[in-house]
Amino acid sequence: MSTSMPVTDERAKTLSPRFLVALLLILAGIAWIAWYYTSVRVDPTAFPKPKGSPKAIADLGRWNYVIGFGALMLGLTIAAHRSTPLGRGRAVVITMLGCFLVGLVWICTFYVFSNDLSPIPVINDLGQWNLVVGIAFMAVGFSYATKWE
């Protein structure tokens, strides 16, 4: 009698429920930020200041970025589990370094263009909170670093 492990379908491992939830959160976070920035947010230079629509979302103001970036970071963190493709093998190192690099580039972009952020979407709305976004990407990178073997 053989004691070898049963062969599992690689595709079944790729499409685990955890990975699908992670992808959904990542896409929802990006979509939320893009929708708020392009459709709901009012132009801060407009006079008189128009009202955003839908009102319930517009009233949240910058909290919309917390919702969007929170979903994005949570999705990336969930994807760091070993049962997902991003949580095993070379993908761990690539995603870890990618998160570190995105965080570093986000912070550097904010500092380099801090005199005039108007041409840079999303970054121009966050002000000093850009530092929190950059550090959050780096923190997600550290969650991948703990999975690296």
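If you filter the stretch 127-142 down to residues that are crowded, with 18+ Cβ neighbours inside 10 Å and in contact (Cβ under 8 Å) with a residue 40 or more places away in the chain, you find that the one that is nearest to Leu104 (Cα to Cα) is Phe137. Take the conditions (1) closer than 27 Å to Val42 by Cβ; (2) assigned to a loop (DSSP other than H, G, I, E, B); Asp125 misses just one of them, which is (2). The one condition from (1) in a helix (DSSP H, G or I); (2) surrounded by fewer than 16 Cβ atoms within 10 Å (Cβ to Cβ); (3) not aliphatic (A, V, I, L, M) that Tyr65 does not meet is (2). Filtered by the rule that a residue be free of Cβ contacts under 8 Å to residues at least 40 places away in the same chain, out of contact with any Leu (no Cβ under 9 Å at 6 or more places or on another chain) and assigned to a helix (DSSP H, G or I), the stretch 82-97 gives Arg90, Ala91.
One line per residue, one yes/no per condition, for (1) closer than 27 Å to Leu20 by Cα; (2) surrounded by fewer than 12 Cβ atoms within 10 Å (Cβ to Cβ):
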{"site": "Pro54", "(1), (2)": "no, yes"}
{"site": "Met73", "(1), (2)": "yes, no"}
{"site": "Ser83", "(1), (2)": "yes, no"}
{"site": "Gly98", "(1), (2)": "yes, no"}
{"site": "Ile107", "(1), (2)": "no, no"}
{"site": "Asn115", "(1), (2)": "no, yes"}
{"site": "Ile120", "(1), (2)": "no, no"}
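Going by what's in this entry, would Ile57 be described as within 29 Å of Tyr144 (Cα to Cα) and either of a type outside the set (Lys, Arg) or modelled with pLDDT of 85 or more (or both)? Judged against the criteria, Ile57 is not a match.
The values are calculated or read from the model by the stated rules, or taken from the named source; none is laboratory data. Note that the structure is a prediction, hence the values are computed from the model and not measured. No Cβ is skipped: glycine too gets one built from the backbone with ideal geometry, and neighbour counts run over all protein chains shown.
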